[in-house]
Amino acid sequence: MLVLTAGFIFVILGLLGLAVPFLQGILFLIIGLMLLSIASSRTRKWIESQAGHHPKMYAAARKMEKWITKIIGPVD
């Protein structure tokens, strides 16, 4: 539940960061989506569906997801 909440908070901060110049919107969105993909199968499926459009970003996302999962452990 904590990972899911943190993911939503980062996504909201990322959306705010796209409008406010002093926040790093893209960075917060990426972190939030990675956290949500660990906790939510729906978000994971959406990210995997985007793999054909952006294969380099998908590879980086998989690497980051493994790194985060190693730190916080599996979330199920």
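With the checklist (1) in contact with a Ser or Thr (Cβ under 7 Å, 6 or more places away or on another chain); (2) closer than 17 Å to Ala6 by Cα in hand, flag the one item Ile47 doesn't pass.
(2)
Sort through Leu16, Leu29 and tell me the only one that's assigned to a helix (DSSP H, G or I), of a type outside the set (Ser, Thr, Tyr) and surrounded by 15 or more Cβ atoms within 10 Å (Cβ to Cβ).
On the way: Leu16 fails: surrounded by 15 or more Cβ atoms within 10 Å (Cβ to Cβ).
Of Leu16, Leu29, the one residue that is assigned to a helix (DSSP H, G or I), of a type outside the set (Ser, Thr, Tyr) and surrounded by 15 or more Cβ atoms within 10 Å (Cβ to Cβ) is Leu29.
Out of Val3, Val11, I need the residue that is of a type in the set (A, V, I, L, M, F, W, C), at pLDDT 85 or above and in a helix (DSSP H, G or I). Which one? Break it down stepwise before answering.
Working: Val3 fails: at pLDDT 85 or above.
Selected residue: Val11, the only one of Val3, Val11 that is of a type in the set (A, V, I, L, M, F, W, C), at pLDDT 85 or above and in a helix (DSSP H, G or I).
Hey, can you tell me all the residues within the stretch 32-49 that are among the hydroxyl-bearing types (Ser, Thr, Tyr) and out of contact with any Lys or Arg (no Cβ under 7 Å at 6 or more places or on another chain)?
Listed by number, the residues that qualify are Ser40, Ser41, Thr43, Ser49.
Got at least one residue in the stretch 49-66 being part of a loop (DSSP other than H, G, I, E, B), surrounded by 10 or more Cβ atoms within 10 Å (Cβ to Cβ) and touching a residue at least 40 places away in the same chain (Cβ under 8 Å)?
The answer is no; no qualifying residue exists.
The values are calculated or read from the model by the stated rules, or taken from the named source; none is laboratory data. None of the values given here were measured: they were computed from a predicted structure. Cβ atoms come from the backbone with ideal geometry, glycine included; neighbour counts cover every protein chain shown.
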